[in-house]
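The values are calculated or read from the model by the stated rules, or taken from the named source; none is laboratory data. The structure displayed is predicted, hence computed values, not measured ones. Backbone-built Cβ (ideal geometry, glycine too); neighbour counts: all protein chains shown. Each accessible area value is taken on the protein alone, full model and side chains, heavy atoms only, with ligands, DNA and RNA left out. Shrake-Rupley method; radii C 1.70, N 1.55, O 1.52, S 1.80 Å.
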Amino acid sequence: MTEILAVAVITVLAVVAPGADFAMVVRNSYLHGRRTGLLAATGVAAGVLVHVTYTMLGVGLLIASSTALFTVIKLIGAAYLVYIGVRTFRARGDVEVDLENKTELTPPAALRTGFLTNVLNPKTTLFVVSTFAQVVSPGTPLYQQAGYGLFMSLAHLLWFGVVAVFFSHDRMRTLMLRGQKVLNKVIGSVLAGLGISLAFAPSH
């Protein structure tokens, strides 16, 4: 139960923290409308599954081959959570979005843009790897790990779907950006606290 709660909290906070994926969905929704934004959000969620797949394989190999190395990765993951928490807390909340280059996007192009943005996004890579390193143990069944990965993907889809709906309407942009500034403070504090507590938590 503790593992599931940790995955849920870290995932929700990491997803809502703004990054390249957020800026991309904002831009596509604002320039091209709701459908394009939702397709980009779907691509983002699909990209998460790429990171989940290789992380599940890698963490499994680490556990099987070297407990010491796995512990090091676990500590690095905890340190990353603290780092991203501090950065998020200090962020002003302003999202840099290029709205000048208005090239038309076909549905496949919108989907591909979202997918590639997250597949190539270091923030997503580190988030998935660090989360799995904290919660996966030698006794964690594969189906449970797959469940964690599907939850991460679904959380991205739901959040960026909301972003697409908001930013496809001009009047909603200011409201959401204003709320993002407050969220940054809360998200940053909780992520940093989680990173510290997980670093000192006993190994499974």
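Available extension along the chain between Ala79 and Ser137 is 19.0 nm, counting 0.36 nm per residue and deducting the alpha carbon span. Between Ala20 and Val162, the modelled labels are 2.4 nm apart [label points 7 Å from Cα along Cα→Cβ]. Compute log10 of I(q)/I(0) for the stretch 1-55 with the Debye formula, placing one identical point scatterer on every Cα and leaving out solvent, at q = 0.21, 0.22, 0.28 Å⁻¹, to two decimals. Here log10 of I(q) over I(0) equals -0.87, -0.91, -1.10.
Protection proxy ranking of 3-9, 51-57, by the mean of other Cβ atoms within 10 Å over each peptide's residues and highest first, is 51-57, 3-9.
Give the calculated FRET efficiency between Leu154 and Ala68 to the nearest 0.05, with a Förster radius of 35 Å applied to their Cβ-Cβ distance. Numbers along the way, then the final one.
Working: r = 34 Å, r/R0 = 0.97.
After rounding, the FRET efficiency stands at 0.55.
The gain in end-to-end length when the Ile196 to Leu5 segment is fully stretched comes to 67.1 nm, 0.36 nm per residue minus the alpha carbon separation.
By accessible area of protein heavy atoms, probe 1.4 Å, what ranking do Val72, Val82, Val15 get, highest first?
Sorted by accessible area, descending: Val72, Val82, Val15.
Full extension of the chain between Ala146 and Val186 gives 11.5 nm of extra length, using 0.36 nm per residue less the Cα-Cα distance.
Sorting the segments 30-39, 141-150 by their mean number of nearby beta carbons within 10 angstrom, highest to lowest, gives 30-39, 141-150.
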